[in-house]
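The values are calculated or read from the model by the stated rules, or taken from the named source; none is laboratory data. Computed from a predicted model, the values in this text were never measured in an experiment. Neighbour counts are summed over all protein chains in view; Cβ atoms, including those assigned to glycine, are modelled from backbone coordinates with ideal geometry. Areas reflect the complete protein model, heavy atoms only, side chains present, ligands, DNA and RNA absent. Shrake-Rupley method; radii C 1.70, N 1.55, O 1.52, S 1.80 Å.
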Amino acid sequence: MSNRIGNRVWVLSWIIILVLVISAWMDVSKLHSSVLDEKTHQTRQLIETAYGVLNHYQQEVVAGKMDKEAAQKAAGAAIRELRYGNNDYFWINDRTSPIPRMVMHPTQPYLEGQVLDSAQYNTATHYQYGDTGVFESTPNTVNLFALINRVIDQSGHGFVRYEWAKPLNPSADGVLLPKMSYVRLFEPWDWVIGTGIYIDDIDHLINQQIAYLLARSLIATLFLLGITVVLVRSIDAIQTRLTNQKIQMQALIDATTESVLLLDIEGKVLAMNHFAAQRFHRPLDRVLGTIFFSLLPTSLATSRKAACDEVIRSGEAMVTRDERNGIAFENNIYPVLDQKGNITSVAIFAKDITEQQRTASTENLFRHLDTVVLKWQMDSISVAQIFCDSVLPIFDLSAAWISKAETDGRLTLLAVSESATHPFIRTEHLPKYWYCSSDLKCSDECPHQWPMACLSIQKNRPQLSPPKGEIPNEHLETAVAVGIESALALPITLQDHKWGVLAVYAKHGESLEKAQRLLMAITNRLAAILESALQQESSCLLNAAFAEIGSAVFIMDSETHIVWMNSVLTQLTHYQSRDLIGHPVTYLCRNQPQQIESIQTVIRDEKPWRGEVLIRTQVGQTLSCQLHIKPLQNSELAAPHFIGIIDTWLSQ
C-alpha cells in the first residue's frame with residue numbers, strides 16, 4: 001500500500017516538473033512576443049513626434065509665413081536635434097526610385113544628398129505594411145532603403161527590420177545589430193521620415209529569463225523531489241499535517257466576518273464558524289449536529305430550506321437575499337461534491353449587507369431631496385415630511401418625527417410618519433418643550449415630556465434608550481404596547497445652532513443601535529438640506545416683501561454690479577433679471593457722466609446718496625427717476641453691498 005502511494009507520488013512529481021518546464025517555455029515565448037510588440041508600438045509612437053514637426057512647418061508654408069525651401073530646411077534642422085533614449089534619432093529620405101537619397105541623417109551627415117545604393121545597406125530582413133499584420137521576410141538580404149520605398153508605395157507607412165551599427169558605441173564599432181524602424185510618408189514634401197530602435201536587447205532579456213526560469217525550475221524540481229521523499233517515507237506525517245490543516249481551516253473561517261456553514265443534505269450543521277454561532281446567540285458546540293432551519297423563524301426557514309433543496313437538486317450555486325431581525329443578508333449557497341461527483345452537502349456564506357443597502361438607499365433619498373429643494377423649491381416642512389416617510393423602510397423603523405427647537409424653549413412638530421400596520425404616535429403626546437424657563441414647571445405644564453428628545457438637543461448628541469424610561473408617560477406606553485424595543489433621538493444642528501430633533505423608533509433594538517452611526521451621519525446631511533430650504537424660504541419672503549412696496553428696488557456690489565432686482569424694476573424698465581444682473585448700474589444710467597461719477601463716489605465712500613437720473617428702458621423710453629442709494633452693512637460694519645430704490649419716475 002505504501003509503495004503504491006509512493007509510486008503515485010513520484011509520477012505526480014514528474015508530471016508537475018514536466019508542467020513547469022512546458023510553462024517556462026510558454027512564458028519565454030509569450031515574453032518574446034510581448035516585448036517585441038512593445039518595441040513595435042514604441043517606434044510608431046516616436047515617429048508621431050517628428051511627423052508633427054514636419055506638419056508644423058508645412059502649415060507655415062500653407063499660411064504663407066515661409067517658403068517651402070526654408071520650411072524644409074528649418075524642419076530638417078529641428079528634427080536633427082531630436083533625441084530619445086540613448087542618443088537615438090530620426091532620419092529623412094526622399095522618394096527617389098528605386099534607391100532613395102538621404103535628406104537628413106544626424107549621426108552620419110556625410111550621407112545627406114547621396115543615393116543609398118551601397119552594398120553595406122543590403123541588410124534588410126523583414127517588413128510589414130501598415131500598423132498591423134505580420135512581418136514578412138525577404139528572400140535574401142536586400143537594400144534597406146529600397147525596401148522602405150516598397151513599404152511606402154504599398155501602404156504609406158510600416159516597419160522594416162535590418163542590421164545597423166550602434167552610433168557612439170566604441171565597444172561595438174563595426175558590429176551590426178538587429179534594429180527595427182518605423183517609416184512614414186510625409187506626402188506634402190514627398191519625404192519619408194523614420195526612426196529605429198535596437199532590438200538586440202530582446203535576446204539578452206530572453207536569455208536572462210531563460211536562466212531565471214531554469215533556476216526556478218531546478219529549485220522547484222529539487223523542492224518537489226524533497227517533498228516526494230518526505231511523503232513516501234512518512235505517511236503518518238501526512239496524516240498529521242492534514243489534521244493540522246483542518247484546524248487551520250477552522251481558524252480561517254473563524255477569521256471572516258461572514259457567517260460560514262456546512263450542512264448535509266438533511267440540513268444538519270456539519271461545520272460553522274464562531275461568527276455565525278454568535279448570530280444565533282449559541283455556543284458553537286451546541287449548534288453542531290442540530291437542524292439549521294430550526295434555528296430560524298418559520299417564514300425565513302421555509303425560504304432558506306427551499307433554496308438549499310434547489311441547489312442540491314440542480315447542482316448549481318445560488319445567491320439569495322433575505323432579512324432577519326432587521327438585518328439584511330446575502331446568502332451564497334454552493335453544492336459540495338464527493339470524489340464520485342455526488343452532492344453530499346451544501347456550503348453557505350451569509351454576508352450582512354444591511355449597511356450597504358442602507359447607504360445606497362440614503363444616497364437615493366438625498367438625491368431626491370436635493371432635487372425637490374433646488375428644482376421645486378419646497379419648504380422645510382415638506383422636506384422634513386419627505387425625509388420621515390422615506391427613512392422608515394430604509395432602516396426598518398416603526399415611526400419617525402421631526403420637531404423644531406424654538407428659541408423660547410418650545411418644540412414645534414414639523415413632520416411625523418409611522419407604520420400603517422401598528423400606528424401609535426399621537427401628536428398630543430409628543431414633547432412640547434426642549435428646555436424649561438424659570439417660570440415653567442415641567443411636572444405641571446409638560447406631562448408628556450420625553451427626556452431623551454430634550455437631552456439630545458441640550459447636549460447636542462444622540463440619545464439611545466429603551467422607550468420605557470424611569471418616568472412613565474402616555475407616549476412611551478403606547479410605543480411599548482405595539483412592540484417598540486428602542487428609540488433614538490438625534491439632534492439637528494444648523495450652523496452650530498440648535499435647530500431641532502429627529503426621533504426614530506424600532507422594534508429591533510439591536511438593529512437600531514448598530515444603525516446609530518449612519519443615522520447620525522444622514523441627520524447631518526438632512527441639516528444641510530434643511531438649511532438650503534430655509535434659505536429659499538427667506539429668499540421667497542424677501543422677494544414677496546420687495547414686490548409689495550411698489551418701488552423698483554435693486555441691490556449692487558461694491559463694483560456697482562447689480563446682483564438682485566425686484567419685479568417692479570422689470571415692470572419699469574422692461575428688462576428681465578437675466579438682462580441686468582451682472583451689469584453695472586451705469587447700464588441703466590447711460591450717457592450721464594456726472595451722475596455716474598456721483599454714484600461711484602458714494603459707493604467708494606460708503607455713504608447714502610439721493611439724486612435724479614435718466615433711465616433708458618429696453619423699449620427705448622427715457623425715464624426721469626429719483627434714485628436713493630444706501631449701504632448695506634454686514635457684521636464687520638463694512639458695506640460690500642448697496643440697495644438702490646427708485647421712488648418716482650416721469651416719461652420724457
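Taking the range 407-421 as the range and being surrounded by 14 or more Cβ atoms within 10 Å (Cβ to Cβ) and more than 14 Å from Ser390 (Cβ to Cβ) as the test, the residues that pass are Gly409, Arg410, Leu411, Leu413, Leu414. Filtered by the rule that a residue be farther than 13 Å from Ala350 by Cβ and either of a type in the set (Ser, Thr, Tyr) or in contact (Cβ under 8 Å) with a residue 12 or more places away in the chain (or both), the range 308-317 gives Val311, Ile312, Ser314, Gly315, Glu316, Ala317. Candidates in the range 305-331 are the residues that are of a type in the set (Lys, Arg) and modelled with pLDDT of 85 or more; of these, the one that is nearest to the chain's Cα centre (by Cα) is Lys305.
Considering Val160, Val151, Val134, which residue is open to solvent by 40 Å² or more (accessible area, probe 1.4 Å) and among the aliphatic types (A, V, I, L, M)?
Val134
I'd like to check something: does the range 371-378 contain any residue that is among the polar types (S, T, N, Q) and over 31 Å from the mean Cα position of the chain (by Cα)? No, because not a single residue in the range 371-378 is among the polar types (S, T, N, Q) and over 31 Å from the mean Cα position of the chain (by Cα). Within the range 56-80, if we keep just the residues that are surrounded by 13 or more Cβ atoms within 10 Å (Cβ to Cβ) and touching a strand residue (DSSP E or B) at 6+ places or on another chain (Cβ under 9 Å), the residue that is farthest from Ile199 (Cα to Cα) turns out to be Gln58.
If you go through the range 84-131 and keep only what is among the polar types (S, T, N, Q), modelled with pLDDT of 90 or more and open to solvent by 70 Å² or more (accessible area, probe 1.4 Å), you end up with just Gln114.
Scanning the range 108-130 for residues that are in a strand (DSSP E or B) and more than 16 Å from Ile92 (Cα to Cα) gives Ala124, Thr125, His126, Tyr127, Gln128, Tyr129.
Considering each of Thr354, Thr302 in turn, give the residue that is buried (at least 18 other Cβ atoms within 10 Å of the Cβ) and of a type in the set (Val, Ile, Thr). Full working, then the answer.
Details: Thr302 fails: buried (at least 18 other Cβ atoms within 10 Å of the Cβ).
Residue meeting the stated conditions: Thr354.
Considering the range 447-470, and only residues there that are modelled with pLDDT of 80 or more, among the polar types (S, T, N, Q) and within 18 Å of Glu513 (Cβ to Cβ), the residue that is most open to solvent (accessible area, probe 1.4 Å) turns out to be Gln463.
Test Met556 against the stated conditions and say whether it is crowded, with 19+ Cβ neighbours inside 10 Å and modelled with pLDDT of 85 or more.
On the way: crowded, with 19+ Cβ neighbours inside 10 Å: yes; modelled with pLDDT of 85 or more: yes.
Spelling it out, Met556 is indeed crowded, with 19+ Cβ neighbours inside 10 Å and modelled with pLDDT of 85 or more.
Every listed requirement among (1) open to solvent by 20 Å² or more (accessible area, probe 1.4 Å); (2) within 20 Å of Glu559 (Cα to Cα) is met by Leu580 save one, (1). All of Ala74, Ala50 fail the test of being out of contact with any Leu (no Cβ under 9 Å at 6 or more places or on another chain), not basic (Lys, Arg) and not in a loop (DSSP other than H, G, I, E, B), apart from Ala74.
So that you can scan it fast, the table gives a plain yes or no per residue for (1) among the β-branched types (Val, Ile, Thr); (2) touching a strand residue (DSSP E or B) at 6+ places or on another chain (Cβ under 8 Å):
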| residue | (1), (2) |
| --- | --- |
| Ser551 | no, yes |
| Asp579 | no, no |
| His583 | no, yes |
| Cys589 | no, yes |
| Ile603 | yes, yes |
| Val613 | yes, yes |
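Restricting attention to the range 334-343, the residues that are open to solvent by 60 Å² or more (accessible area, probe 1.4 Å), farther than 24 Å from Arg324 by Cβ and not in a loop (DSSP other than H, G, I, E, B) total 1.
Looking across the range 593-626 at every residue that is open to solvent by 20 Å² or more (accessible area, probe 1.4 Å) and in a loop (DSSP other than H, G, I, E, B), the one that is nearest to Thr570 (Cα to Cα) is identified as Gln618. Val346 passes every criterion in (1) touching a strand residue (DSSP E or B) at 6+ places or on another chain (Cβ under 9 Å); (2) open to solvent by 20 Å² or more (accessible area, probe 1.4 Å) apart from (2). Does the range 265-281 include one or more residues that are more than 40 Å from the chain's Cα centre (by Cα) and among the polar types (S, T, N, Q)? Within the range 265-281, not a single residue is more than 40 Å from the chain's Cα centre (by Cα) and among the polar types (S, T, N, Q).
Cβ-Cβ contacts under 8 Å between residues 6 or more apart (or on different chains), taken from a first residue in the range 509-529 that is in a helix (DSSP H, G or I) to a second residue that is open to solvent by 50 Å² or more (accessible area, probe 1.4 Å) and among the hydrophobic types (A, V, I, L, M, F, W, C), are listed as Leu512/Leu464; Glu513/Leu464; Gln516/Leu464. Residues in the range 283-300 that are under 17 Å from Ser345 (Cβ atoms) and touching a residue at least 24 places away in the same chain (Cβ under 8 Å): Ile291, Phe292, Phe293.
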